[in-house]
Amino acid sequence: MTRWIPAMVAALCAVGSMVSAQPRPLVLEGGTLIDGTGRPPIRDAMIVVNGTRITAVGTRGQVAYPPDARIIRLEGRTVLPGLIDGHLHLRDWQVPMFLPYGITTLADIHNDTAWSLAQRAALQRGQIVGPRLFVSGARVTGPLGPPTTDGSYVRDAAEARAYVRRLKQEGVDHIKVDLTITDDQLRAVIEEANAVGLRVLGHTQNIQKAVAMGMKHMEHMDTMARALLEQEGRNPRPPGTTPEAAVNPSLFPPLIAEMVRQGVYINGTLVLQWAGGTDRWKEQQALATTLARDPRLAFVPDTMKAAWLNPPSVRAGYGNVATFLRLYSEAGGKILAASDTGCCNQLVPGLSLHYEMQMLVDMGITPMKALQGTTLWAAEVIGQQKDLGSVEAGKLADFTIIEGDPLSDIGATKNVRMVIKGGDVMSTDYDPSWTNPVPRRPAGAAAPR
């Protein structure tokens, strides 16, 4: 037995040294920093990271180098905050497709509750390598639409309040509402969510009424148009066309002023609904065709790859949507670049977020504001701005490093050269044999544990 003692002591010393060892500081040196706040770029920037957090940001020569730092030289490249897709409905096979596009955070707004929580936990503990995940669980649906099978159907305001409390107890990060709930139920959800400290995101019947109740998020553009059609006493669902095409643009300014005053974030879901109104979709489809043929993406179902190549439908009203969003941005409103990936099979996970930014710029919104729509503003809308969304001291060390200047060509955001999440340089290689260890359960199956 005494022969074991020296080996045991050596093992304990090794364990002790591992516990006491601290990771070396990381320095990103020499790139151009666009920090997500809207401030002018910092040329020849220097960013210091200790552990998972940023400790200093400035110009090279003005920030001290920590002893024994690891230095990554980034001359000629642009440093952005880690990108955030603030609107998706995650599918299990999609997880590996986000980091290669610089997306370090995802906000799922409507999915199977148990699976979402299990997937979030697997990502947090490192069982799955991928972005951070924030989840709503199953959305609140109500009597203006068909009942659902996921337990989220509510019949009155009391049940809506109870469902919000249940989701809070289960541990969701935010609440998603659907336009199938009544005004009374929406008011109840907003009040209850405010009481328990959760943000409310999602669809509404009429954004004017919803904002008056305290809603701070507008998803899709039809709710804006329906509000103004009702204001004129017209049919909010005009036959033969869309609300966005039927609305009178001269009514935009007062609604815009009120929404900006109330701090409403708009998610226009442009690639999903409006790509057919421009020729930009042809460029995206060409890239999607290359991806569909890439043998490294063998983990993507063939049905999904085929859907990527379908041309988008043309939805009437693109011109009015572009006008509203441009005026909203010019008035100081915050517009999100968020993709709705998972809602429609034609959306390419990761890539579609970059085209969401591109379409915003095509509509006349500045590249800086398009970037904020997938960085700081995206973090704000899910209540994570303390940790995420900008490159500032104290925040988590998430960076997307690209080739090119996105302020002169927003398409440069696709040129991802390095991704850092929580201070770690992440692999962005695809593994063709990848499988999700926490598969998304089919409807009616037992919840994952």
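Brief remarks follow.
- The set of residues from region 251-302 being of a type in the set (Asp, Glu) and either buried (at least 18 other Cβ atoms within 10 Å of the Cβ) or modelled with pLDDT under 95 (or both) comprises Asp279, Glu283.
- Residues that are open to solvent by 10 Å² or more (accessible area, probe 1.4 Å), out of contact with any Ser or Thr (no Cβ under 9 Å at 6 or more places or on another chain) and over 19 Å from Gly142 (Cβ atoms), drawn from region 221-245: Glu230, Gln231, Glu232, Gly233, Arg234, Asn235, Pro238, Pro239, Gly240, Thr241, Thr242, Ala245
- Where a residue in region 317-328 is on the phi < 0 side of the Ramachandran plot and its partner, wherever it lies, is of a type outside the set (A, V, I, L, M, F, W, C) and not in a helix (DSSP H, G or I), with Cβ under 8 Å and at least six apart: Tyr318/Thr278; Val321/Gly268; Ala322/Gly364; Leu325/Gly268; Arg326/Gly364
- Residue check for Pro67: over 22 Å from Thr374 (Cα atoms) and either open to solvent by 10 Å² or more (accessible area, probe 1.4 Å) or part of a strand (DSSP E or B) (or both): yes
- Residues of region 186-220 that turn out to be crowded, with 18+ Cβ neighbours inside 10 Å, part of a helix (DSSP H, G or I) and out of contact with any Asp or Glu (no Cβ under 7 Å at 6 or more places or on another chain), as a count: 10
- The one condition in (1) under 18 Å from Leu144 (Cα atoms); (2) without any contact (Cβ under 8 Å) to a residue 60 or more places away in the chain that Gln205 fails to fulfil: (2)
- The set of residues from region 310-360 being within 30 Å of Met97 (Cα to Cα), of a type in the set (Val, Ile, Thr) and either in a helix (DSSP H, G or I) or open to solvent by 10 Å² or more (accessible area, probe 1.4 Å) (or both) comprises Val314, Val321.
- Screening region 168-177 for residues that are without any contact (Cβ under 8 Å) to a residue 60 or more places away in the chain and crowded, with 23+ Cβ neighbours inside 10 Å and picking the one that is farthest from Ala107 (Cα to Cα) gives Val177.
- Counted residues, region 117-167 - those being part of a helix (DSSP H, G or I) and open to solvent by less than 60 Å² (accessible area, probe 1.4 Å): 14
- Meets criteria (out of contact with any Ser or Thr (no Cβ under 7 Å at 6 or more places or on another chain) and either hydroxyl-bearing (Ser, Thr, Tyr) or under 30 Å from Ala286 (Cβ atoms) (or both)) for Asn267: yes
- Check on Lys369, open to solvent by less than 50 Å² (accessible area, probe 1.4 Å), among the basic types (Lys, Arg) and within 27 Å of Leu28 (Cβ to Cβ): no
- Residue in region 432-443 that is over 23 Å from Ser116 (Cα atoms) and out of contact with any strand residue (DSSP E or B) (no Cβ under 8 Å at 6 or more places or on another chain) present: yes
- Enumeration of residues in region 90-116 that are open to solvent by less than 20 Å² (accessible area, probe 1.4 Å) and either among the basic types (Lys, Arg) or in a loop (DSSP other than H, G, I, E, B) (or both): Leu90, Phe98, Gly102, Ile109, Asn111
- For region 394-420, a residue qualifies if it is open to solvent by less than 40 Å² (accessible area, probe 1.4 Å) and within 14 Å of Thr32 (Cβ to Cβ), and the qualifying residues are Phe399, Thr400, Ile401, Ile402, Gly404, Pro406, Ala412, Thr413.
- Of the residues making up region 208-266, those that are under 15 Å from Glu330 (Cα atoms) and out of contact with any Lys or Arg (no Cβ under 7 Å at 6 or more places or on another chain) are Phe252, Pro253, Pro254, Leu255, Ile256, Ala257, Glu258, Met259, Val260, Arg261, Ile266.
- Residue identified as among the acidic types (Asp, Glu) and either touching a Cys at 6+ places or on another chain (Cβ under 9 Å) or more than 13 Å from Pro131 (Cβ to Cβ) (or both) among Asp398, Asp387: Asp387
The values are calculated or read from the model by the stated rules, or taken from the named source; none is laboratory data. All values reported here derive from a predicted model rather than from experimental measurement. We place every Cβ from the backbone using ideal geometry, glycine too, and count neighbours over all the protein chains shown. These area figures cover heavy atoms from the full protein model, side chains too; ligands, DNA and RNA do not enter into them. Shrake-Rupley method; radii C 1.70, N 1.55, O 1.52, S 1.80 Å.
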